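Worksheet: one structure, shown below.
The values are calculated or read from the model by the stated rules, or taken from the named source; none is laboratory data. Please read these numbers as outputs of a predicted model, since none were measured by experiment. Cβ placement follows ideal geometry from the backbone for every residue including glycine, while neighbour counts extend to all protein chains displayed. Note: accessible area is taken over every heavy atom of the protein model, side chains too, but ligands, DNA and RNA are not part of it. Shrake-Rupley method; radii C 1.70, N 1.55, O 1.52, S 1.80 Å.
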Amino acid sequence: NNENSVPQLLIRDLKFENKSLAKPMFSPDQENHPSKAPVKYGELIVLGYNGSLPNGDRGRRKSRFALFKRPKANGVKPSTVHIACTPQAAKAISNKDQHSISYTLSRAQTVVVEYTHDSNTDMFQIGRSTESPIDFVVTDTVPGSQSNSDTQSVQSTISRFACRIICERNPPFTARIYAAGFDSSKNIFLGEKAAKWKTSDGQMDGLTTNGVLVMHPRNGFTEDSKPGVWREISVCGNVFSLRETRSAQQRGKMVENETNQLQDGSLIDLCGATLLWRTAEGLARTPTVKHLEALRQEINAARPQCPVGFNTLAFPSMKRKDVVDEKQPWVYLNCGHVHGYHNWGNKEERDGKDRECPMCRSVGPYVPLWLGCEAGFYVDAGPPTHAFSPCGHVCSEKTTAYWSQIPLPHGTHTFHAACPFCAHQLAGEQGYIRLIFQGPLD
């Protein structure tokens, strides 16, 4: 075992000379014109994409969506309640120019709740539909898919009008989430099969077919974050414990002491895609892409070497995040030893998936390393010392530790931890590994 004779190097041993790396860099518009910039409420970032959609971000279909204060308020709030005896009467009540929610109780009875304009709030709608009321178009996330052709064949479980977020136009710009969004005729329609009920104060409420789940982390979105508890949000924004399965008819118990108010780091699951909510203040404390690029250059400047070929390794630029480069670092996932690509130690009888590490002889998967480029997923600005297993996405230790503890909804009734950059289910004891680089011999 030649491990002791070779200079071992953990990235944390690198001297990060660039003092500006100690504090996250702000985007130029934050520094120069704090008053002129439009008010940003926050951003929604879709888990499973490392900075952009596979075929590039286009229009309302992208991997992250910023919510800005609108020139004119478009929020709505409930007003008149009508009880109609026939579906035709209900249609007559739901005026095309006025927002309303229709609850079909039976063939003989529909309750229509009209909504009026609210000059104090802005409304943003999220869903699979490309119709104009949807501000952010979200499609099903296929773990590790590199092209959109993989995603279209799947029968989508995301609702066309999945949810809406209402932001207060005045400080502290509170954002609240509600299940279901208004369609092109400004209506939300809960059919006979949807779970719905009358509340104690005589109002109506209900759940959408596959539901909108939310998890607020404990201790905010920081290096001390811990996972919270998944809850379901109703059409009126009330909080419930989860149903037995995603679309069960029976609602969970109402959770009185919790609200639908989003916090920095809240996760929103739409049954097919999970979104991370980052507040504007939270994003101001988060490393920028510039910061991540500086960290990448620091690692490459330390000239880590392959212990077998002695060639210098380098992380490819952020833009080349899908093509394996010849200088790309590879890692043995069982031990964390970083190498360049080589054919040594291939175990034929193991389908070529498992390899033996030349440094320590441990046998396991051998994968290329990729930098996590989506800065919004980082809980701190630490150096990229750890990698998720089995995908090889690299980020800070605290970021890997946080995401490896988060049970993300999968399908209709299971949960598992996944890499935020590619949505692959995590494997191994921890779901991540500390990287051991070898320094140059000179």
>> Residues to consider are ARG64, ARG128, ARG70, ARG58; find the one that is open to solvent by 30 Å² or more (accessible area, probe 1.4 Å), modelled with pLDDT of 95 or more and farther than 26 Å from GLY211 by Cα.
In response: ARG70
>> With the requirement that a residue be among the polar types (S, T, N, Q) and open to solvent by less than 50 Å² (accessible area, probe 1.4 Å), what does region 106-115 give you?
In response: SER106, THR110
>> I need every pair where a residue in region 205-223 that is in contact (Cβ under 8 Å) with a residue 12 or more places away in the chain has its Cβ under 6 Å from the Cβ of a residue that is open to solvent by 10 Å² or more (accessible area, probe 1.4 Å) and among the hydroxyl-bearing types (Ser, Thr, Tyr), sequence separation at least 6 or different chains.
In response: ASP205/THR199; THR208/SER159; THR209/SER247; ASN210/THR157; ASN210/SER247
>> Given the options GLY364, GLY345, GLY428, name the one that is buried (at least 19 other Cβ atoms within 10 Å of the Cβ), at pLDDT below 95, over 29 Å from GLN297 (Cβ atoms) and not polar (S, T, N, Q).
In response: GLY364
>> Given the criterion within 24 Å of SER156 (Cα to Cα) and open to solvent by less than 30 Å² (accessible area, probe 1.4 Å), identify the matching residue among THR279, THR208.
In response: THR208
>> So, in region 176-195, exactly how many residues are open to solvent by 40 Å² or more (accessible area, probe 1.4 Å), at pLDDT below 95 and not in a loop (DSSP other than H, G, I, E, B)?
In response: 1
> Can you tell which of VAL154, VAL142 is more than 13 Å from ILE268 (Cβ to Cβ), surrounded by 15 or more Cβ atoms within 10 Å (Cβ to Cβ), among the hydrophobic types (A, V, I, L, M, F, W, C) and modelled with pLDDT under 95?
Replying inline: VAL142
>> So, in region 357-381, exactly how many residues are more than 20 Å from THR279 (Cα to Cα) and touching a Leu at 6+ places or on another chain (Cβ under 9 Å)?
In response: 7
> Given the conditions (1) under 20 Å from the mean Cα position of the chain (by Cα); (2) open to solvent by 10 Å² or more (accessible area, probe 1.4 Å), which single one is not true for VAL255?
Replying inline: (1)
> Considering only residues of region 60-96 that are in a loop (DSSP other than H, G, I, E, B) and within 19 Å of the chain's Cα centre (by Cα), which is nearest to THR110 (Cα to Cα)?
Replying inline: ARG60
